[in-house]
1. Please quote Rg/Rh for segment 210-305 to two decimal places, taking the Kirkwood radius as Rh and restricting both calculations to Cα atoms.
2. Can you list the residues, at least 5 places off or on another chain, whose amide H is less than 5 Å from the amide H of Tyr415, using H built in the peptide plane?
3. Kindly list the residues of segment 359-378 that lie in the label zone of Trp122, defined by a backbone N under 16 Å from the point 7 Å along the Cα-to-C-beta vector.
4. Report the longest stretch of the chain that contains none of the GluC sites (Glu not before Pro) sitting in a DSSP loop with at most 16 other Cβ atoms within 10 Å.
5. If you average over every viewing direction, what projected area does the convex hull of the Cα atoms of segment 372-434 give, in nm²?
6. How many angstrom separate the Cα center of segment 115-162 from the Cα center of segment 377-414?
7. Please calculate how many Å² of accessible area segment 185-258 carries per residue, with a 1.4 Å probe and no DNA, RNA or ligand atoms counted.
8. List, largest first, the extents of the alpha carbons of segment 68-108 along their principal axes, each in whole Å.
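The values are calculated or read from the model by the stated rules, or taken from the named source; none is laboratory data. These numbers were taken from a predicted model, which means no experiment stands behind them. In this analysis, Cβ positions are derived from the backbone assuming ideal geometry, glycine residues included, and neighbour counts consider all displayed protein chains. In case anyone asks, the SASA skips ligands and DNA or RNA and just uses the protein heavy atoms, side chains included. Shrake-Rupley method; radii C 1.70, N 1.55, O 1.52, S 1.80 Å.
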Amino acid sequence: MKKIEQAKQILQENWRDGFTIPTSRLYPFQWMWDSGFVSMGTSEFNLKMSLTEIAKMFTGQWDNGMLPHILFHSEIEKTYFPNYDFWECWVNQGASLNPKTSGITQPPVYGFVLADILQKHWNKPDVKDFVRHIYPKLVHYHSFLYNYRDPHSEGLFYIFHPWESGRDNSPLWDESMDQIEITPGAIPEYTRRDTSIADASERPTQQKYDRYVYLLELGKKYKYDGHQIAEESPFLIQDNMMNAILIKSNESLIEIASDLGLDAGQVKEWQALSTANYDNKFWSDELDTYVGYDLRHEKQMKHREIGGFVPLFASIPSDDKATKLNDYLQSLSARGYYLVPSFDVDSPLFDSRRYWRGPIWPQMNWMIYKGLKNYAFDDTAKMVKDDLIHLIENLGFHEYFEAQKVVADGLTKGYGGNNFSWTASSYIHLCSVD
Ligand code: GLC
């Protein structure tokens, strides 16, 4: 039975003063890419909520263009670590102080989010006006990625913290993270909050957390200036997924500009550079998938993982490469996995329960579904959609889900937070498409 009403209710209950929290207690503020996915969901039934959410996100934009990964709209909520006071963003002169924010970013989803909403509501003048108003701010955000995060001017930006990737705890980051040595006094004392709210076996280890704090301190030390961070950070990675999302969002900005008569000259230049370099940098012939690039150690990161499928969403791969990605997804399904596990099921690092090390994530399925449709892989797209809908209907609106069919079918609930906003939003979205 469809649970659309329940999904809408979750979004309404997670609504705060102009934005949607991902889930209460565990994530009590506005998260950047969550908000993007959520506003596409709310745009299906409450346009006002959707546009208000996006406008609220941009109230946290920094002078250099950065959209921070968290906006701490409420100062009452002290249960979260690291809270706004730990980030000390005031060290950067152009940081937003109202709302207070984190000092890093997240996947640049807003280009395709705006295009999606404009496409659904193309006949409403107020939506067009809204998009016209946000457009230059969004171009400013992309300029931040190209100007501060691309030291070799390749059109491919870097991240210096796993939290920027949105796939916080993926085994992808282990090698770089493990090389960081924490000497006594290198990081301040801190108290984690996540493990007192969620099951510790589903959360990152303490060893990881110390390194998260180390990189945060590095950002602070350099006033969150991308040029200086690139000189020193031991974690300096061009993430194939985030750069595919940037390319998709550029494409959306170019379409929007053409529809609304805006100037996209600069975006077209960026796009030409990014698309020219993407495949060379990220495609692995050895693995037949896209992989990340470690800019500090100058090498590809040879792992199969969920970000490798996102280029389909940005129409990046040739038909030949796309077919390889599609065949692999088909084989996973035939081997008894729900689609799409977040990490290589054949790797010793695969962990079907711990977050980003194996489980299925709703918003990822949404992007991969769209990507497969771009290449007319309709059967696989249907599996990606139906698997997620099935998991949600059986296990609830959780943050993420078990990928092994035999295990998942014996469970009574999903993993991580419950009544989760992007799960509700992705559900509404996927139930509305063929
Ligand atoms: C976790 C996820 C991240 C998400 C956040 C809020 O940190 O890894 O992608 O944005 O939760 O839902």
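1. Working: Rg = 16.5 Å, Rh = 15.5 Å.
We get a ratio of 1.06 for segment 210-305.
2. Amide H neighbours of Tyr415: Glu399, Tyr400, Phe401, Glu402.
3. none
4. 299-434
5. On the way: hull surface 17.7 nm².
Directional mean of the projected Cα hull area for segment 372-434 stands at 4.4 nm².
6. 31 Å
7. On the way: 2680 Å² over 74 residues.
On a per-residue basis, segment 185-258 sits at 36 Å².
8. The Cα atoms of segment 68-108 stretch 25, 23, 15 Å along the principal axes, largest first.
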